[in-house]
1. Do we have any residue at all in segment 307-325 that's free of Cβ contacts under 8 Å to residues at least 40 places away in the same chain, among the charged types (D, E, K, R) and farther than 25 Å from E3 by Cα?
2. Tell me, which residue of segment 33-83 that is polar (S, T, N, Q) and in a helix (DSSP H, G or I) is nearest to F106 (Cα to Cα)?
3. How many of the residues in segment 14-61 are at pLDDT 95 or above and within 30 Å of K271 (Cβ to Cβ)?
4. Considering only segment 326-339, I want to know if a residue exists there that is surrounded by 14 or more Cβ atoms within 10 Å (Cβ to Cβ), under 25 Å from the mean Cα position of the chain (by Cα) and either touching a residue at least 40 places away in the same chain (Cβ under 8 Å) or over 25 Å from D245 (Cα atoms) (or both).
5. Given the structure, is P186 modelled with pLDDT of 90 or more and not in a strand (DSSP E or B)?
6. Return the pairs, sorted by first residue and then second, in which the second residue is at pLDDT 95 or above and polar (S, T, N, Q), the first residue lies in segment 182-208 and is more than 14 Å from S73 (Cβ to Cβ) and crowded, with 18+ Cβ neighbours inside 10 Å, the beta carbons are less than 6 Å apart, and the residues are 6+ apart or on different chains.
7. Given the conditions (1) surrounded by 14 or more Cβ atoms within 10 Å (Cβ to Cβ); (2) within 22 Å of P229 (Cα to Cα), and given that T76 satisfies all but one, which numbered condition is not satisfied?
8. Within segment 318-332, identify whether any single residue is of a type in the set (G, A, S) and closer than 22 Å to Y253 by Cβ, and answer yes or no.
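The values are calculated or read from the model by the stated rules, or taken from the named source; none is laboratory data. Computed from a prediction, not measured in an experiment: that's the story for all the values here. Using ideal geometry, Cβ is built from the backbone for each residue, glycine included, and neighbour counts are taken over all protein chains shown.
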Amino acid sequence: MNEKEVAELRRRLRPDKSNITHILGCYVNEQKEIISQFNEPLALMSAEDGEKYLALFRKVLTGSIGRSLLDLSFRTQQVVDSDEHRLLMTLRDSALGDEDAVHAFFSRAIQSLDLEGNCLILLTYNTYDVYYKGKDGLEQQDNSSEQFRYLLCAVCPVKETKPSLNYDSRESRFHIRAPGQVVGAPEMGFLFPAFDDRATNIYNALYYTRSAGEVHTSFVDALFKTPAPMPAQVQRETFQTILEDTLEEECSYQVVQAVQDHLTQMMEVHKESREVEPLTVSKQGLRALLRASGVSDAHAEAFDEQFDAQFGAGTELSPQNLVDTKHLELKMPDVVIQVNPERSELVQPRIVDGARCIVIRATEAVEVNGVAIQFDGGEKEVANG
């Protein structure tokens, strides 16, 4: 799925557009014991309650493809004959009306939870009449090509609030409010089946994770029996380690910055082009970038080998998972230097009197703990060694 297709479904999760009739929930404690279960008609909820539930489901369809939203693929044999795929299809085809399937789903989900504290597992079924879009991109309301039927699941932490003073407008006084249970934003969830090319794809699911560093592999394995994608944060750390280990003495500031600048530029161009398909970069593309930055062929080949070993041959990665476009940080045990990524040219590694130094060109006023300082003799550079 691409972000445009995700947004198309997310926009439908509004009281006036959604076809959701019931919301199922299972509230469990940290010991994985069921505290309560419910199956509530959306129409019988207050407008405020209904909107809160829909907002939680919308959150599962929020984020960047490849970072918060991950594609899960079933093998052909799983689709043909497997308990995990059969269960999801039964839930969808029965519109959550099969009580045995609902019980089996909640049981599997509960046993796989790795969250601290209580949590609420929400499950719903929705339908969407997919209208044909003309060449102008506008929907033709009288020409529906198919009905997309799907499940949405959200797993939300439940936190206990502390006693607090709250204002009572009826009495015009403040009173202590007793501790309560508050549902937080989903930590993980999924959409099944996928909505690829604006059509049903039962071979895929779209998985949501709130944290770039954790995909909750036990949850993925319990419900999908398919390898969980490497978390975005782990991808970045792995990529950084590969650069350090394979480039060795050629892993210079200039090379690292060239990689950062090129991948950042790729993302900017992709954004400006309004291309709907997610941006990816291949091993071959990264190798070409390294060679253009002055890395030797031997070190580039070492990079190739480690890339395949860590990510898998033929894997393409999202550039946003490899570099941080918003920060540029140079770190030593006792010194941390943060630089605007757009002004990286102000920083240069130098050898000064035999010592390794980071030289920062001071083009404007310099403050130390809020105090503007002057340079002796009109010096233009500050060196931290």
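1. Checked segment 307-325: at least one residue is free of Cβ contacts under 8 Å to residues at least 40 places away in the same chain, among the charged types (D, E, K, R) and farther than 25 Å from E3 by Cα.
2. Q78
3. Qualifying residue count for the region: 8.
4. Yes, there is a match, as at least one residue in segment 326-339 is surrounded by 14 or more Cβ atoms within 10 Å (Cβ to Cβ), under 25 Å from the mean Cα position of the chain (by Cα) and either touching a residue at least 40 places away in the same chain (Cβ under 8 Å) or over 25 Å from D245 (Cα atoms) (or both).
5. Yes, satisfied.
6. M188/T209
7. (1)
8. No, the conditions are met nowhere in segment 318-332.
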